[in-house]
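*Asks:* I'd like to ask you about the structure that follows.
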Amino acid sequence: MASEGQEVKLVGAWYSPYVHRVAWVLKLKGIQYEFVEENLRDLNNKSSLLLNCNPVYKKIPVLLHHGKPIVESLFIIQYIDETWKDNPIFPTDPYERAMARFWAPFIDEMLIEGSRRMLYTEGEQLKEEIKQVSNALQLLEEMLKGKKFFGGEKVGFLDIAFGWITIWLGAIEEVAALDFFNPYQYPLLHIWSNKFKEVHFVKDSLYPKDKLVRFFNKYQESQLKLAAKKIESTT
Ligand SMILES: N[C@@H](CCC(=O)N[C@@H](CS)C(=O)NCC(=O)O)C(=O)O
């Protein structure tokens, strides 16, 4: 194995799309690692490991390599790619590489964060989130024209970054009772999603959608309670 004796640990949680993208790259490169589950049920009670490793954002994932922490999933996967050179995920062309680095965080904010907010917003704000998420999906649909994967003929950085769409987005759609990711509007994205699910290092890592639906139901409940408390305290 590429990582024998390299001490790699991934601090994360099973439901986090950000954690999965790191795990996918570790698996793609054949790096052995230990998974350390962080319990985020009580956000005021995070482990000292997480607080020490990521004192700025206090979020998962964290990658520990020889005890040195690296945070933020997109930076972590770039670090892995630069450290273990087998199966590179970045395009060789510098312009393509710059574009990949540009799109990944932009789409994270519009799509992951936007769809998450759909679970607990309503009225005008919900309409705004739906618009933003639809714009992001349209952008991705355009990017896929004439391509098998975002990375071209093989899976690359952007496929890994957007890979969470495969299951997470459908689960959010179900819990939010909205229909924003249908195959008629985004045919290429659906074809890509089915292909990505079959990729060897992704296939066995995906949880049944029902499990994520149950998770998002609880998440929605907690966010709605929090919002109600905020309103109560301001009235
Ligand atoms: N931009 C970060 C986002 C990570 C993130 O939001 N992680 C969530 C779990 S999915 C978390 O740790 N939440 C804890 C909190 O919000 O305090 C990344 O790409 O790593």
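The values are calculated or read from the model by the stated rules, or taken from the named source; none is laboratory data. These figures come from a predicted structure and were not determined experimentally. Counting neighbours? That spans all protein chains shown, and the Cβs are built from the backbone with ideal geometry, glycine included. Protein only, heavy atoms only, side chains kept; ligands, DNA and RNA dropped before computing areas. Shrake-Rupley method; radii C 1.70, N 1.55, O 1.52, S 1.80 Å.
*Asks:* Could you compute the net charge surrounding Gly114? Neighbours are other residues with a C-beta less than 11 Å from the C-beta of Gly114; K and R count +1, D and E count -1.
*Replies:* -2
*Asks:* Pick out, in residue order, every one of the GluC sites (Glu not before Pro) in segment 3-86 that is DSSP loop and has at most 15 other C-beta atoms within 10 Å; say none if there are none.
*Replies:* Glu4, Glu7
*Asks:* Quick one: how many Å² of Met143 are accessible to a 1.4 Å probe, rounded to 10?
*Replies:* Rounded to the nearest 10, that gives 40 Å².
*Asks:* If each of Asn45 and Asn194 carries a label point 7 Å out from its Cα toward its Cβ, how far apart are those two points in nm?
*Replies:* 4.5
*Asks:* So, one more: DSSP loop (so not H, G, I, E, B), at most 12 other Cβ within 10 Å: list which GluC sites (Glu not before Pro) in segment 105-203 pass both filters.
*Replies:* Glu122, Glu153
*Asks:* Where does the charge balance sit around Leu140 when Lys and Arg score +1, Asp and Glu -1, over other residues with C-beta under 13 Å from its C-beta?
*Replies:* Summing Lys/Arg as +1 and Asp/Glu as -1 gives -2.
*Asks:* Please list Leu224, Leu51, Leu206 in order of solvent-accessible area, largest first, computed with a 1.4 Å probe with all protein chains present.
*Replies:* Putting Leu224, Leu51, Leu206 in descending order of accessible area: Leu224, Leu51, Leu206.
*Asks:* Using a cut-off of 15 Å between beta-carbons, work out the net charge of the residues near Pro208 (Lys and Arg +1, Asp and Glu -1, Pro208 not included).
*Replies:* Charge balance in the 15 Å sphere: +2.
*Asks:* Tell me whether the chain comes out rounded, prolate or oblate; compute the Cα gyration tensor, take square roots of the eigenvalues as a ≥ b ≥ c, and use a/c under 1.5 as the rounded threshold.
*Replies:* Since a/c reaches 1.5 but b/c is at least a/b, the shape of the chain is classed as oblate.
*Asks:* Another question about this same structure. Of the accessible area of the chain, with the probe set at 1.4 angstrom, what percent is carbon plus sulfur?
*Replies:* 54
*Asks:* Restricting to bridges with both residues inside segment 8-83, how much of the DSSP beta-bridge set is antiparallel, in percent to the nearest 5?
*Replies:* Within segment 8-83, antiparallel bridges account for around 65 percent of the total.
*Asks:* A further question on this structure: Leaving ligands and nucleic acids out of the surface, order Tyr95, Tyr207 by accessible area at 1.4 Å, largest first.
*Replies:* Tyr95, Tyr207
*Asks:* Then there is this: How much accessible surface area, in Å² rounded to 10, belongs to the heavy atoms of Trp103 with a 1.4 Å probe?
*Replies:* The accessible area comes out at roughly 60 Å².
*Asks:* Once you have the Cα-Cα distance between Thr234 and Asn87, take 0.36 nm times their residue separation minus that, and quote the gain in nm to one decimal.
*Replies:* 47.6 nm
*Asks:* Hey, if we sort Thr83, Thr166 by accessible area with the 1.4 Å probe, largest down, what's the order?
*Replies:* Sorted by accessible area, descending: Thr83, Thr166.
*Asks:* DSSP beta bridges in the chain, what fraction antiparallel, as a percent rounded to 5?
*Replies:* 70
*Asks:* Need one value: the accessible area of Phe196 in square angstrom, 1.4 angstrom probe, rounded to the nearest 10.
*Replies:* About 0 Å², rounded to the nearest 10.
*Asks:* Per residue, how large is the accessible surface of the chain? Use a 1.4 angstrom probe and give square angstrom.
*Replies:* 54
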